[in-house]
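What follows is a short report on a single structure.
No value in this document is a laboratory result; all are computed from the given coordinates. Everything quoted here is computed from the prediction, not taken from an experiment. In this analysis, Cβ positions are derived from the backbone assuming ideal geometry, glycine residues included, and neighbour counts consider all displayed protein chains.
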Amino acid sequence: MRGARRPFSQLPFSQVPEAPRVPHGYVRTEAREIAIGWPAGAHTAIHVRTLGAGPPLLLVHGFMTSSYSFRYVFEALARDYRVYAPDLPGAGRSGKPDASYHPERLAEAIGAIIGALGIRGCRAIGNSLGGYLCMHLALADAGAISRLVNLHSPGLPTARMWALQAALRVTPSAEGLVRRMVAKDPERWVHKHVHYFDETLKSREEHREYAAPLKTREGQRAFHRMLSETLDPGAMRAFVRRLEALDGRFPIPLQLVYARADPMVPPIVGRRLSRLLPSAHFVTLARGSHFAHVDAPDLFLEVVRPFLSEA
């Protein structure tokens with residue numbers, strides 16, 4: 001790296017190296033495929049990476065990423081747990097069914113993945129959209145997950161989300177437009193929209209991993225539905241009402257982890273969630289980003305390990 005760069009200072013696409021600057025253990029995880037009965041009456045193939053031995057720990061990635069996003073924490077977590085990291089339906093190497101991607105439906109899919117793996121009652125870490133979906137799952141089925149680390153997830157509708165939803169609704173053939181935008185150059189799209197505190201962590205390897213589903217019509221359709229359905233601010237408003245009805249206590253032990261800087265989900269979302277759920281353990285990271293498990297893995301692990309190990 002040629003000197004220090006400003007936080008979130010994006011490398012020119014042409015300067016992104018082929019291989020990651022920091023080596024990782026993703027290739028040493030075991031790859032397997034399972035089938036889940038989702039959507040109802042159908043079956044979807046789910047790609048899962050596993051590593052380690054011990055109590056089960058589920059890792060759920062966020063929007064526009066995959067299990068690959070946990071590459072820098074796999075081996076450390078696998079010293080204490082049997083780690084399972086699926087690609088969500090519509091993402092990575094998993095199936096991209098023509099189905100509803102409403103957050104409650106995708107939460108059902110995570111529950112089906114837990115059931116198919118035989119790890120009901122597991123601990124879980126959810127990043128971004130993954131944390132939001134795991135919270136939905138805990139609200140619907142408190143026995144599916146025993147405790148949850150929520151890393152920088154959305155959950156409260158923001159002005160940016162309302163603006164995006166309005167644009168999708170008023171634009172004729174919005175799905176076709178989104179497809180054309182991402183299909184033009186999926187790897188450049190990933191480069192532009194995945195942000196790290198330290199952008200030198202990016203690589204062409206990562207671009208290919210995240211761009212692969214965006215190169216197919218099925219993946220483009222799933223991407224559009226996640227934009228328009230999973231991240232629907234109306235659904236988030238209903239989610240907030242459900243949290244308000246809990247009188248401050250989430251159904252399972254919950255840790256909310258938010259970095260001080262994030263161009264993707266404003267950190268104030270975490271503070272507002274913590275005020276809705278004072279029983280949750282709220283932590284602010286002094287460094288790192290929306291993907292602290294990538295650009296501040298040691299700090300992230302220092303924070304989440306004690307919470308995960310509690311009885």
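Couple of notes before you dig in:
- Sequence ranges 227-233, 27-33, 131-137, ranked by mean other-Cβ count within 10 angstrom, highest first: 131-137, 227-233, 27-33
- For Val60, nonlocal amide neighbours, meaning residues 5 or more places apart or on other chains whose placed amide H falls under 5 Å from its own, are Ile125, Gly126, Asn127.
- Overall dimensions of region 95-195, expressed as equivalent-ellipsoid semi-axes from the Cα gyration tensor (√(5λ), whole Å, largest first), are 29, 16, 15.
- Within the same chain, lysines fewer than 8 places from Lys192 are excluded, and of the rest, those with a Cα less than 17 Å from its Cα are Lys184, Lys202, Lys215.
- In this simple spin-label model, placing a label point 7 Å from the Cα along the Cα-to-Cβ direction at both Ala116 and Ala31 gives a separation of 1.6 nm.
- Subtracting the Cα-Cα distance of His193 and Ala159 from 0.36 nm times their residue separation leaves 10.4 nm of extension gain.
- Convex hull projection area averaged over all views, the chain, Cα basis, nm²: 15.0
- Highest-first arrangement of 141-147, 111-117, where packing means the average Cβ count within 10 Å: 111-117, 141-147
- Selection from Val149, Leu285, His102 lying farthest towards where the dipole of region 18-309 points positive, charges on Cβ: His102
- Percent RCO, i.e. relative contact order, over the chain, from Cα pairs under 8 Å lying at least 6 residues apart: 21
- Restricting attention to the chain, close to 35% of DSSP beta bridges with both partner residues there are antiparallel.
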